[in-house]
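What follows is one structure encoded as C-alpha coordinates, with my remarks underneath.
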Amino acid sequence: MKTVEYSDLKTVSLDRNKRKAKVCIIFTGGTIGMIPENPGNPNIKKLKPASLKELLDVVPNLGFREGIELGMVSFKKPVDSSDVMSVHWVTMAKIIFEYYEDFDGFVILHGTDTMAYTTSALSFILNNLQKPVIVTGSQLPITDPRTDAVQNLVTSVHIAGYKAKSLPKIPEVLLCFRDTLLRGNRATKYSSSGFIGFISPNYDPIGKLGEHIDIREELILDINNENADFFITDITENSNNDIKVIPVNPSITPDQLERDLKTEGIDGVILLTYGTGNMQTSQGFIDVISEAVKGGEGYAKPIPVFNVTQCLQGTVEMGLYEASGGLLEAGVTSGLDLTLEAALGKISWALIRFGNIQDTHNQLQFSQRGEQSKNLHDLKWKDKSDFEYIKNETTRIITVGKNIPGKYVAAKLNSSLIRIQGLKVKKENTNKKINIKVFINNPNATVSTSDKSAECVYSINDIEQINENGNLVFDATKTSRNVVQSGNPVYISLVAENCSIQCRAIFFSLYTDVN
Ligand code: ASP
(Lines give C-alpha, C1' and ligand atoms only; values in the text may rest on other atoms or scores of the structure.)
Protein backbone atom coordinates (compact mmCIF):
# COMPACT_ATOMS: atom_id res chain seq x y z
CA MET A 1 0.00 0.00 0.00
CA LYS A 2 1.44 3.38 -0.98
CA THR A 3 1.38 5.74 1.97
CA VAL A 4 2.53 9.11 3.25
CA GLU A 5 4.50 9.10 6.49
CA TYR A 6 2.60 10.09 9.61
CA SER A 7 3.32 10.52 13.31
CA ASP A 8 2.36 8.26 16.19
CA LEU A 9 -0.87 9.07 17.98
CA LYS A 10 -0.51 11.76 20.67
CA THR A 11 -3.32 12.00 23.18
CA VAL A 12 -4.46 14.40 25.81
CA SER A 13 -6.36 12.16 28.17
CA LEU A 14 -9.33 13.01 30.31
CA ASP A 15 -10.35 11.34 33.54
CA ARG A 16 -12.41 8.26 32.79
CA ASN A 17 -15.32 9.65 34.77
CA LYS A 18 -15.26 12.91 32.80
CA ARG A 19 -14.82 11.32 29.38
CA LYS A 20 -17.94 11.19 27.25
CA ALA A 21 -16.44 10.88 23.79
CA LYS A 22 -13.09 10.47 22.04
CA VAL A 23 -12.13 12.35 18.91
CA CYS A 24 -9.03 11.86 16.79
CA ILE A 25 -7.70 14.91 14.92
CA ILE A 26 -5.71 14.15 11.78
CA PHE A 27 -3.55 17.05 10.67
CA THR A 28 -2.66 16.98 7.00
CA GLY A 29 -1.66 20.61 6.41
CA GLY A 30 -3.36 23.74 5.13
CA THR A 31 -3.88 27.11 6.75
CA ILE A 32 -5.94 25.85 9.68
CA GLY A 33 -3.19 24.05 11.51
CA MET A 34 -0.43 26.56 10.88
CA ILE A 35 0.99 28.86 13.55
CA PRO A 36 3.72 31.52 13.30
CA GLU A 37 7.20 30.10 13.36
CA ASN A 38 8.33 33.04 15.44
CA PRO A 39 5.38 34.43 17.43
CA GLY A 40 7.62 36.99 19.10
CA ASN A 41 8.31 38.75 15.83
CA PRO A 42 5.16 39.75 13.90
CA ASN A 43 7.30 40.77 10.90
CA ILE A 44 8.20 37.15 10.29
CA LYS A 45 5.14 35.84 8.50
CA LYS A 46 6.41 32.30 8.05
CA LEU A 47 4.08 29.65 9.42
CA LYS A 48 4.79 26.17 10.74
CA PRO A 49 2.45 23.25 11.43
CA ALA A 50 1.05 23.19 14.97
CA SER A 51 1.28 20.26 17.33
CA LEU A 52 -1.73 19.22 19.40
CA LYS A 53 -0.26 21.09 22.37
CA GLU A 54 0.19 24.24 20.30
CA LEU A 55 -3.37 24.00 18.98
CA LEU A 56 -4.59 23.69 22.54
CA ASP A 57 -2.56 26.76 23.49
CA VAL A 58 -4.75 28.68 21.04
CA VAL A 59 -8.03 26.89 21.89
CA PRO A 60 -7.47 25.64 25.43
CA ASN A 61 -11.02 24.41 25.85
CA LEU A 62 -11.14 22.37 22.71
CA GLY A 63 -13.63 19.66 23.67
CA PHE A 64 -12.46 19.22 27.27
CA ARG A 65 -15.27 21.10 28.96
CA GLU A 66 -17.68 18.86 27.08
CA GLY A 67 -15.84 15.71 28.09
CA ILE A 68 -14.22 15.06 24.72
CA GLU A 69 -10.83 13.39 24.91
CA LEU A 70 -8.51 14.24 22.03
CA GLY A 71 -5.91 12.38 20.06
CA MET A 72 -3.86 13.67 17.17
CA VAL A 73 -1.96 12.15 14.28
CA SER A 74 -0.07 14.41 11.86
CA PHE A 75 1.36 13.93 8.44
CA LYS A 76 5.12 14.07 9.03
CA LYS A 77 5.34 16.53 6.20
CA PRO A 78 2.11 18.58 6.19
CA VAL A 79 1.10 19.63 2.70
CA ASP A 80 -0.61 22.55 1.09
CA SER A 81 -3.76 20.86 -0.12
CA SER A 82 -2.80 21.72 -3.70
CA ASP A 83 -0.30 18.88 -3.36
CA VAL A 84 -2.82 16.35 -2.10
CA MET A 85 -3.15 13.33 -4.37
CA SER A 86 -4.77 9.92 -4.15
CA VAL A 87 -1.94 8.60 -1.98
CA HIS A 88 -2.77 11.26 0.65
CA TRP A 89 -6.45 10.26 0.58
CA VAL A 90 -5.47 6.65 1.11
CA THR A 91 -3.17 7.63 3.98
CA MET A 92 -5.96 9.57 5.72
CA ALA A 93 -8.16 6.49 5.28
CA LYS A 94 -5.39 4.29 6.63
CA ILE A 95 -5.07 6.41 9.78
CA ILE A 96 -8.84 6.26 10.31
CA PHE A 97 -8.72 2.48 9.83
CA GLU A 98 -5.84 2.12 12.30
CA TYR A 99 -7.61 4.06 15.06
CA TYR A 100 -11.20 3.30 14.07
CA GLU A 101 -12.09 1.30 17.17
CA ASP A 102 -10.45 3.77 19.59
CA PHE A 103 -12.43 6.89 18.70
CA ASP A 104 -16.04 7.96 18.31
CA GLY A 105 -15.26 10.28 15.45
CA PHE A 106 -12.48 11.86 13.39
CA VAL A 107 -11.65 15.45 12.44
CA ILE A 108 -9.32 16.02 9.51
CA LEU A 109 -7.57 19.39 9.32
CA HIS A 110 -6.96 20.12 5.67
CA GLY A 111 -6.24 22.98 3.30
CA THR A 112 -9.30 24.43 1.68
CA ASP A 113 -8.15 24.34 -1.94
CA THR A 114 -8.77 20.63 -2.53
CA MET A 115 -10.83 19.90 0.54
CA ALA A 116 -13.94 18.97 -1.45
CA TYR A 117 -11.89 16.55 -3.58
CA THR A 118 -10.70 14.88 -0.39
CA THR A 119 -14.13 14.69 1.24
CA SER A 120 -15.53 13.23 -1.98
CA ALA A 121 -12.78 10.65 -2.43
CA LEU A 122 -12.86 9.60 1.24
CA SER A 123 -16.60 9.03 1.07
CA PHE A 124 -15.93 6.24 -1.44
CA ILE A 125 -12.65 4.91 0.00
CA LEU A 126 -14.20 4.39 3.45
CA ASN A 127 -16.62 1.47 3.17
CA ASN A 128 -19.37 0.74 5.73
CA LEU A 129 -18.41 3.85 7.66
CA GLN A 130 -20.37 4.08 10.90
CA LYS A 131 -18.61 7.01 12.53
CA PRO A 132 -18.43 10.71 11.66
CA VAL A 133 -15.42 11.93 9.72
CA ILE A 134 -15.44 15.73 9.67
CA VAL A 135 -13.06 17.55 7.37
CA THR A 136 -12.41 21.21 8.08
CA GLY A 137 -10.01 24.02 7.34
CA SER A 138 -9.94 27.80 7.45
CA GLN A 139 -9.26 30.84 5.36
CA LEU A 140 -7.06 32.46 8.02
CA PRO A 141 -4.43 30.86 10.27
CA ILE A 142 -5.64 29.92 13.73
CA THR A 143 -3.52 32.59 15.42
CA ASP A 144 -4.90 35.46 13.33
CA PRO A 145 -7.18 37.67 15.46
CA ARG A 146 -9.89 37.48 12.75
CA THR A 147 -9.49 33.76 12.21
CA ASP A 148 -12.32 31.46 11.18
CA ALA A 149 -10.26 28.46 12.27
CA VAL A 150 -11.40 28.40 15.89
CA GLN A 151 -15.09 28.16 15.05
CA ASN A 152 -14.48 25.54 12.37
CA LEU A 153 -12.23 23.42 14.55
CA VAL A 154 -14.34 23.55 17.72
CA THR A 155 -17.60 22.86 15.86
CA SER A 156 -16.02 19.93 14.00
CA VAL A 157 -14.75 18.42 17.27
CA HIS A 158 -18.23 18.77 18.77
CA ILE A 159 -19.91 17.06 15.80
CA ALA A 160 -17.32 14.26 15.77
CA GLY A 161 -17.70 13.89 19.55
CA TYR A 162 -21.49 13.94 19.15
CA LYS A 163 -22.10 11.81 22.25
CA ALA A 164 -20.70 14.46 24.54
CA LYS A 165 -22.89 17.18 22.98
CA SER A 166 -26.06 15.06 22.65
CA LEU A 167 -25.96 15.57 18.90
CA PRO A 168 -27.07 12.93 16.41
CA LYS A 169 -24.43 10.60 15.07
CA ILE A 170 -23.69 11.31 11.42
CA PRO A 171 -21.89 8.30 9.97
CA GLU A 172 -20.60 10.11 6.91
CA VAL A 173 -17.69 12.10 5.56
CA LEU A 174 -18.71 15.71 6.13
CA LEU A 175 -17.26 19.09 5.34
CA CYS A 176 -17.64 21.60 8.16
CA PHE A 177 -17.06 25.22 7.26
CA ARG A 178 -18.35 28.37 8.84
CA ASP A 179 -22.13 28.11 9.13
CA THR A 180 -22.77 24.87 7.31
CA LEU A 181 -22.16 21.18 7.62
CA LEU A 182 -22.21 19.65 4.15
CA ARG A 183 -22.17 16.10 2.87
CA GLY A 184 -18.56 15.76 1.79
CA ASN A 185 -19.31 14.41 -1.67
CA ARG A 186 -21.81 17.20 -2.40
CA ALA A 187 -19.52 20.10 -1.50
CA THR A 188 -17.53 22.36 -3.75
CA LYS A 189 -15.21 25.27 -3.01
CA TYR A 190 -17.07 28.42 -3.77
CA SER A 191 -14.90 31.28 -2.59
CA SER A 192 -11.14 31.57 -2.54
CA SER A 193 -11.18 33.96 0.39
CA GLY A 194 -14.69 34.41 1.78
CA PHE A 195 -15.51 32.83 5.11
CA ILE A 196 -18.41 31.04 3.44
CA GLY A 197 -15.96 29.01 1.43
CA PHE A 198 -18.06 26.00 0.39
CA ILE A 199 -21.50 25.26 -0.96
CA SER A 200 -23.47 22.14 -1.73
CA PRO A 201 -25.37 23.05 -4.88
CA ASN A 202 -27.53 19.94 -5.24
CA TYR A 203 -28.14 18.83 -1.64
CA ASP A 204 -29.26 20.81 1.39
CA PRO A 205 -26.74 21.32 4.18
CA ILE A 206 -27.04 18.54 6.75
CA GLY A 207 -26.35 21.01 9.53
CA LYS A 208 -26.77 24.72 10.20
CA LEU A 209 -24.04 25.94 12.50
CA GLY A 210 -25.18 29.12 14.16
CA GLU A 211 -25.67 29.77 17.82
CA HIS A 212 -26.94 26.20 17.90
CA ILE A 213 -25.78 23.18 15.94
CA ASP A 214 -28.95 22.18 14.09
CA ILE A 215 -28.69 18.83 12.36
CA ARG A 216 -31.37 17.81 9.87
CA GLU A 217 -31.54 14.14 10.71
CA GLU A 218 -33.71 13.29 7.71
CA LEU A 219 -30.78 14.24 5.45
CA ILE A 220 -28.31 11.86 7.08
CA LEU A 221 -27.26 8.87 4.99
CA ASP A 222 -28.75 5.54 6.12
CA ILE A 223 -26.31 2.88 7.21
CA ASN A 224 -26.91 -0.03 4.84
CA ASN A 225 -25.84 -2.79 7.15
CA GLU A 226 -24.95 -2.19 10.79
CA ASN A 227 -23.08 -5.48 10.96
CA ALA A 228 -20.88 -4.91 7.92
CA ASP A 229 -17.20 -4.46 8.74
CA PHE A 230 -15.53 -1.15 8.09
CA PHE A 231 -12.80 -1.41 5.46
CA ILE A 232 -10.97 0.85 3.06
CA THR A 233 -10.46 0.58 -0.69
CA ASP A 234 -6.90 1.37 -1.64
CA ILE A 235 -7.48 3.16 -4.90
CA THR A 236 -3.74 3.46 -5.47
CA GLU A 237 -3.21 -0.30 -5.51
CA ASN A 238 -2.62 -1.66 -9.01
CA SER A 239 -3.66 1.65 -10.48
CA ASN A 240 -2.08 5.00 -11.14
CA ASN A 241 -5.51 6.49 -10.92
CA ASP A 242 -4.90 8.34 -14.07
CA ILE A 243 -8.16 10.14 -14.72
CA LYS A 244 -8.20 12.78 -17.41
CA VAL A 245 -10.60 15.67 -17.01
CA ILE A 246 -11.58 17.21 -20.36
CA PRO A 247 -13.68 20.37 -20.36
CA VAL A 248 -15.56 20.80 -23.61
CA ASN A 249 -15.54 24.37 -24.87
CA PRO A 250 -16.29 26.15 -28.12
CA SER A 251 -12.70 25.86 -29.35
CA ILE A 252 -12.22 22.12 -28.89
CA THR A 253 -11.82 20.08 -32.09
CA PRO A 254 -12.24 16.34 -32.70
CA ASP A 255 -8.45 16.09 -33.21
CA GLN A 256 -7.72 17.74 -29.89
CA LEU A 257 -10.22 15.51 -28.19
CA GLU A 258 -8.71 12.42 -29.78
CA ARG A 259 -5.23 13.41 -28.63
CA ASP A 260 -6.53 13.85 -25.07
CA LEU A 261 -8.39 10.56 -25.08
CA LYS A 262 -5.35 8.76 -26.43
CA THR A 263 -3.11 10.03 -23.61
CA GLU A 264 -0.97 7.07 -22.68
CA GLY A 265 -1.89 5.21 -19.54
CA ILE A 266 -5.17 6.86 -18.72
CA ASP A 267 -7.76 4.77 -16.91
CA GLY A 268 -10.84 6.92 -17.36
CA VAL A 269 -12.11 10.29 -18.55
CA ILE A 270 -14.39 12.89 -17.05
CA LEU A 271 -15.92 14.90 -19.86
CA LEU A 272 -17.10 18.25 -18.51
CA THR A 273 -20.04 19.07 -20.71
CA TYR A 274 -22.55 21.87 -21.14
CA GLY A 275 -25.94 21.98 -19.43
CA THR A 276 -27.69 18.64 -19.22
CA GLY A 277 -24.66 16.82 -20.62
CA ASN A 278 -24.35 18.34 -24.07
CA MET A 279 -21.49 18.96 -26.44
CA GLN A 280 -20.84 19.58 -30.11
CA THR A 281 -23.02 17.34 -32.27
CA SER A 282 -20.73 16.76 -35.24
CA GLN A 283 -20.10 13.10 -35.98
CA GLY A 284 -16.33 13.63 -35.74
CA PHE A 285 -16.60 14.12 -31.97
CA ILE A 286 -18.94 11.20 -31.48
CA ASP A 287 -16.75 8.82 -33.49
CA VAL A 288 -13.69 9.77 -31.44
CA ILE A 289 -15.52 9.20 -28.14
CA SER A 290 -17.07 5.99 -29.35
CA GLU A 291 -13.65 4.56 -30.24
CA ALA A 292 -12.31 5.42 -26.77
CA VAL A 293 -15.26 3.81 -24.97
CA LYS A 294 -14.91 0.68 -27.13
CA GLY A 295 -11.15 0.62 -26.70
CA GLY A 296 -10.77 0.67 -30.50
CA GLU A 297 -7.69 1.32 -32.58
CA GLY A 298 -4.95 3.15 -30.70
CA TYR A 299 -6.35 2.30 -27.25
CA ALA A 300 -4.82 -0.28 -24.92
CA LYS A 301 -8.19 -0.86 -23.25
CA PRO A 302 -11.73 0.57 -23.19
CA ILE A 303 -11.79 4.00 -21.56
CA PRO A 304 -14.90 4.81 -19.53
CA VAL A 305 -16.09 8.32 -20.35
CA PHE A 306 -18.05 9.94 -17.52
CA ASN A 307 -20.30 12.84 -18.49
CA VAL A 308 -20.35 15.55 -15.79
CA THR A 309 -21.96 18.92 -16.28
CA GLN A 310 -20.00 22.16 -16.05
CA CYS A 311 -23.06 23.73 -14.40
CA LEU A 312 -22.91 24.10 -10.68
CA GLN A 313 -26.50 23.07 -10.27
CA GLY A 314 -28.72 20.55 -12.03
CA THR A 315 -28.24 17.19 -13.63
CA VAL A 316 -27.02 15.44 -16.76
CA GLU A 317 -29.85 13.90 -18.78
CA MET A 318 -28.24 12.31 -21.77
CA GLY A 319 -30.58 11.89 -24.69
CA LEU A 320 -32.80 14.81 -23.84
CA TYR A 321 -31.23 17.05 -26.50
CA GLU A 322 -29.69 16.15 -29.83
CA ALA A 323 -26.46 17.51 -28.38
CA SER A 324 -26.21 14.50 -26.06
CA GLY A 325 -27.93 11.81 -28.17
CA GLY A 326 -24.61 10.98 -29.83
CA LEU A 327 -22.89 10.60 -26.46
CA LEU A 328 -25.55 8.13 -25.42
CA GLU A 329 -24.92 6.17 -28.59
CA ALA A 330 -21.18 6.29 -28.01
CA GLY A 331 -21.68 4.49 -24.65
CA VAL A 332 -20.87 7.44 -22.39
CA THR A 333 -21.82 7.13 -18.69
CA SER A 334 -24.01 9.76 -17.02
CA GLY A 335 -22.62 11.73 -14.09
CA LEU A 336 -26.13 12.94 -13.13
CA ASP A 337 -25.80 15.80 -10.60
CA LEU A 338 -22.31 14.98 -9.37
CA THR A 339 -19.83 17.73 -8.71
CA LEU A 340 -16.51 17.34 -10.50
CA GLU A 341 -14.95 16.54 -7.13
CA ALA A 342 -17.41 13.72 -6.47
CA ALA A 343 -17.07 12.40 -10.01
CA LEU A 344 -13.30 12.18 -9.66
CA GLY A 345 -13.49 10.32 -6.35
CA LYS A 346 -16.21 8.05 -7.63
CA ILE A 347 -14.59 6.99 -10.88
CA SER A 348 -11.21 6.46 -9.17
CA TRP A 349 -12.92 4.17 -6.69
CA ALA A 350 -15.25 2.43 -9.15
CA LEU A 351 -12.41 1.48 -11.50
CA ILE A 352 -10.81 -0.48 -8.64
CA ARG A 353 -14.02 -1.78 -7.10
CA PHE A 354 -15.78 -3.10 -10.22
CA GLY A 355 -13.79 -5.07 -12.71
CA ASN A 356 -15.73 -5.11 -15.91
CA ILE A 357 -16.62 -2.08 -17.95
CA GLN A 358 -20.40 -2.71 -18.00
CA ASP A 359 -20.55 -3.06 -14.18
CA THR A 360 -18.47 0.06 -13.81
CA HIS A 361 -20.84 1.93 -16.16
CA ASN A 362 -23.93 0.78 -14.21
CA GLN A 363 -22.49 1.37 -10.75
CA LEU A 364 -21.26 4.84 -11.68
CA GLN A 365 -24.88 5.72 -12.48
CA PHE A 366 -26.17 4.51 -9.08
CA SER A 367 -25.79 6.44 -5.86
CA GLN A 368 -23.18 4.76 -3.71
CA ARG A 369 -22.79 7.22 -0.83
CA GLY A 370 -25.56 9.75 -1.34
CA GLU A 371 -23.39 11.64 -3.83
CA GLN A 372 -26.23 12.15 -6.33
CA SER A 373 -29.96 12.75 -6.17
CA LYS A 374 -31.08 10.09 -8.65
CA ASN A 375 -30.09 6.64 -9.83
CA LEU A 376 -30.07 6.02 -13.54
CA HIS A 377 -30.99 2.56 -14.80
CA ASP A 378 -30.37 2.58 -18.53
CA LEU A 379 -31.18 0.04 -21.19
CA LYS A 380 -29.92 0.08 -24.75
CA TRP A 381 -30.64 -1.87 -27.86
CA LYS A 382 -28.10 -1.09 -30.52
CA ASP A 383 -26.89 -4.31 -32.09
CA LYS A 384 -28.66 -6.14 -34.91
CA SER A 385 -29.33 -9.06 -32.59
CA ASP A 386 -31.20 -6.71 -30.22
CA PHE A 387 -34.08 -6.34 -32.66
CA GLU A 388 -36.61 -8.49 -34.38
CA TYR A 389 -38.21 -7.11 -37.53
CA ILE A 390 -41.60 -8.43 -38.52
CA LYS A 391 -43.30 -7.41 -41.72
CA ASN A 392 -46.85 -8.45 -42.43
CA GLU A 393 -49.96 -6.30 -42.38
CA THR A 394 -47.99 -3.82 -40.27
CA THR A 395 -44.27 -3.40 -39.80
CA ARG A 396 -43.05 -4.16 -36.32
CA ILE A 397 -39.73 -3.70 -34.60
CA ILE A 398 -39.50 -5.52 -31.31
CA THR A 399 -36.50 -5.36 -29.06
CA VAL A 400 -35.27 -8.41 -27.20
CA GLY A 401 -36.21 -8.32 -23.50
CA LYS A 402 -33.52 -6.83 -21.29
CA ASN A 403 -33.32 -6.76 -17.51
CA ILE A 404 -33.10 -3.43 -15.77
CA PRO A 405 -29.63 -3.05 -14.26
CA GLY A 406 -29.32 -2.62 -10.51
CA LYS A 407 -32.04 -2.68 -7.88
CA TYR A 408 -34.87 -0.95 -9.67
CA VAL A 409 -37.54 0.28 -7.25
CA ALA A 410 -40.63 1.10 -9.32
CA ALA A 411 -42.17 3.16 -6.50
CA LYS A 412 -39.17 5.51 -6.67
CA LEU A 413 -39.45 6.22 -10.39
CA ASN A 414 -38.97 9.93 -10.94
CA SER A 415 -38.94 10.16 -14.72
CA SER A 416 -38.11 8.15 -17.79
CA LEU A 417 -37.11 8.90 -21.35
CA ILE A 418 -37.01 6.91 -24.58
CA ARG A 419 -34.74 7.93 -27.41
CA ILE A 420 -34.96 6.24 -30.79
CA GLN A 421 -31.93 6.91 -32.97
CA GLY A 422 -31.84 6.77 -36.74
CA LEU A 423 -35.48 5.99 -37.37
CA LYS A 424 -36.01 5.58 -41.10
CA VAL A 425 -39.57 5.77 -42.29
CA LYS A 426 -40.51 5.02 -45.90
CA LYS A 427 -44.03 5.84 -46.94
CA GLU A 428 -45.60 2.93 -48.76
CA ASN A 429 -48.91 4.36 -49.75
CA THR A 430 -48.63 8.03 -50.55
CA ASN A 431 -52.35 8.63 -50.13
CA LYS A 432 -52.64 7.25 -46.68
CA LYS A 433 -51.38 8.78 -43.47
CA ILE A 434 -48.55 7.03 -41.74
CA ASN A 435 -49.13 5.85 -38.22
CA ILE A 436 -46.41 4.71 -35.82
CA LYS A 437 -46.95 3.65 -32.24
CA VAL A 438 -44.42 2.80 -29.57
CA PHE A 439 -45.19 0.39 -26.72
CA ILE A 440 -43.40 -0.70 -23.61
CA ASN A 441 -43.89 -4.33 -22.60
CA ASN A 442 -46.48 -5.26 -25.18
CA PRO A 443 -44.61 -7.31 -27.78
CA ASN A 444 -47.89 -8.36 -29.40
CA ALA A 445 -49.14 -4.83 -30.01
CA THR A 446 -50.26 -3.92 -33.53
CA VAL A 447 -51.34 -0.62 -35.06
CA SER A 448 -54.86 -1.40 -34.01
CA THR A 449 -53.84 -1.55 -30.34
CA SER A 450 -55.25 1.60 -28.84
CA ASP A 451 -52.88 4.44 -28.06
CA LYS A 452 -54.92 4.78 -24.86
CA SER A 453 -53.67 1.38 -23.69
CA ALA A 454 -51.44 1.34 -20.60
CA GLU A 455 -48.45 0.13 -22.62
CA CYS A 456 -48.62 2.72 -25.38
CA VAL A 457 -46.00 5.35 -24.82
CA TYR A 458 -46.08 7.33 -28.06
CA SER A 459 -48.05 7.64 -31.24
CA ILE A 460 -47.08 9.56 -34.38
CA ASN A 461 -49.37 10.38 -37.24
CA ASP A 462 -47.22 12.93 -38.87
CA ILE A 463 -43.81 12.19 -40.33
CA GLU A 464 -42.67 15.75 -39.65
CA GLN A 465 -42.35 14.90 -35.96
CA ILE A 466 -39.22 12.92 -36.75
CA ASN A 467 -36.18 15.17 -37.10
CA GLU A 468 -33.82 15.04 -40.07
CA ASN A 469 -31.50 12.56 -38.32
CA GLY A 470 -34.40 10.26 -37.64
CA ASN A 471 -34.16 10.74 -33.91
CA LEU A 472 -37.18 10.69 -31.67
CA VAL A 473 -37.21 11.46 -28.00
CA PHE A 474 -40.16 11.31 -25.67
CA ASP A 475 -41.14 11.21 -22.03
CA ALA A 476 -42.09 7.70 -20.96
CA THR A 477 -42.69 8.37 -17.27
CA LYS A 478 -46.40 7.67 -17.16
CA THR A 479 -46.19 4.46 -19.20
CA SER A 480 -43.15 3.25 -17.23
CA ARG A 481 -45.12 3.77 -14.05
CA ASN A 482 -47.88 1.57 -15.47
CA VAL A 483 -45.92 -1.29 -16.94
CA VAL A 484 -42.25 -1.42 -15.87
CA GLN A 485 -41.64 -3.74 -12.94
CA SER A 486 -38.41 -4.73 -11.27
CA GLY A 487 -37.34 -8.25 -12.03
CA ASN A 488 -39.18 -8.38 -15.37
CA PRO A 489 -37.43 -7.87 -18.69
CA VAL A 490 -38.30 -4.75 -20.67
CA TYR A 491 -39.41 -4.83 -24.31
CA ILE A 492 -39.95 -1.87 -26.56
CA SER A 493 -41.95 -2.31 -29.73
CA LEU A 494 -42.58 0.00 -32.65
CA VAL A 495 -45.48 -0.72 -34.95
CA ALA A 496 -46.22 1.15 -38.14
CA GLU A 497 -48.78 1.23 -40.92
CA ASN A 498 -48.58 2.62 -44.45
CA CYS A 499 -44.80 2.80 -44.13
CA SER A 500 -41.78 0.63 -43.50
CA ILE A 501 -39.57 1.45 -40.53
CA GLN A 502 -36.03 0.78 -39.42
CA CYS A 503 -34.01 2.14 -36.55
CA ARG A 504 -30.39 2.13 -35.47
CA ALA A 505 -30.74 2.12 -31.69
CA ILE A 506 -33.19 2.55 -28.82
CA PHE A 507 -32.25 3.97 -25.42
CA PHE A 508 -34.45 3.80 -22.37
CA SER A 509 -33.49 5.78 -19.26
CA LEU A 510 -35.26 5.22 -15.94
CA TYR A 511 -34.43 7.74 -13.21
CA THR A 512 -35.31 6.81 -9.65
CA ASP A 513 -35.08 9.01 -6.55
CA VAL A 514 -32.27 8.15 -4.17
CA ASN A 515 -34.20 9.29 -1.08
N1 ASP B 1 -3.45 26.71 -0.15
C2 ASP B 1 -4.04 26.37 1.12
C3 ASP B 1 -4.38 24.89 1.08
O4 ASP B 1 -5.32 24.54 0.45
C5 ASP B 1 -5.22 27.21 1.37
C6 ASP B 1 -5.95 26.89 2.62
O7 ASP B 1 -5.60 26.09 3.43
O8 ASP B 1 -7.02 27.49 2.79
O9 ASP B 1 -3.70 24.12 1.67
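The values are calculated or read from the model by the stated rules, or taken from the named source; none is laboratory data. Please read these numbers as outputs of a predicted model, since none were measured by experiment. Cβ: placed from backbone, ideal geometry, glycine included. Neighbour counts: every protein chain shown. Ligands, DNA and RNA are stripped out before the accessible areas are found, and what is left, the full protein with its side chains, is counted by its heavy atoms. Shrake-Rupley method; radii C 1.70, N 1.55, O 1.52, S 1.80 Å.
For the reader, a short list of remarks on this structure follows.
- In this entry, ASN185 passes the filter for residues that are open to solvent by less than 30 Å² (accessible area, probe 1.4 Å), more than 16 Å from the ligand (Cβ to nearest atom), of a type in the set (S, T, N, Q) and closer than 23 Å to THR309 by Cβ.
- None of SER7, SER81, SER74 is open to solvent by less than 40 Å² (accessible area, probe 1.4 Å), of a type in the set (Gly, Ala, Ser) and over 22 Å from CYS176 (Cα atoms) except SER7.
- Options GLY319, GLY325, GLY298: the member that is open to solvent by 30 Å² or more (accessible area, probe 1.4 Å) and either assigned to a helix (DSSP H, G or I) or touching a residue at least 24 places away in the same chain (Cβ under 8 Å) (or both): GLY298
- Candidates LYS77, LYS18, LYS48, filtered to the one that is within 16 Å of the ligand (Cβ to nearest atom) and free of Cβ contacts under 8 Å to residues at least 60 places away in the same chain: LYS48
- Scanning the range 452-479 for residues that are part of a loop (DSSP other than H, G, I, E, B) and buried (at least 16 other Cβ atoms within 10 Å of the Cβ) yields GLU455, ILE466, GLY470, ASN471, ALA476.
- Single residue of the range 84-120 satisfying the filter (among the acidic types (Asp, Glu) and more than 11 Å from the ligand (Cβ to nearest atom)) that is most open to solvent (accessible area, probe 1.4 Å): GLU101
- Selection status of PHE27, of a type in the set (Phe, Trp, Tyr) and under 22 Å from ASP80 (Cα atoms): yes
- Taken residue by residue, the range 386-393 has no member that is open to solvent by less than 60 Å² (accessible area, probe 1.4 Å) and under 23 Å from VAL514 (Cα atoms).
- Tallying residues that are in contact (Cβ under 8 Å) with a residue 24 or more places away in the chain, assigned to a loop (DSSP other than H, G, I, E, B) and surrounded by 11 or more Cβ atoms within 10 Å (Cβ to Cβ) within the range 210-236 yields 9.
- Top-ranked residue of the range 122-171 - restricted to ones that are away from the ligand (no atom under 15 Å from the Cβ) and without any contact (Cβ under 8 Å) to a residue 24 or more places away in the chain, ranked as farthest from GLU218 (Cα to Cα): PRO145
- Yes/no for TYR190 being within 16 Å of the ligand (Cβ to nearest atom), open to solvent by 10 Å² or more (accessible area, probe 1.4 Å) and aromatic (Phe, Trp, Tyr): yes
- Tally, over the range 238-265, of residues that are open to solvent by less than 30 Å² (accessible area, probe 1.4 Å) and either modelled with pLDDT of 95 or more or in contact with a Gly (Cβ under 6 Å, 6 or more places away or on another chain) (or both): 6
- Taken as a whole, the condition of being at pLDDT 95 or above, more than 29 Å from THR236 (Cβ to Cβ) and surrounded by 14 or more Cβ atoms within 10 Å (Cβ to Cβ) applies to ALA21.
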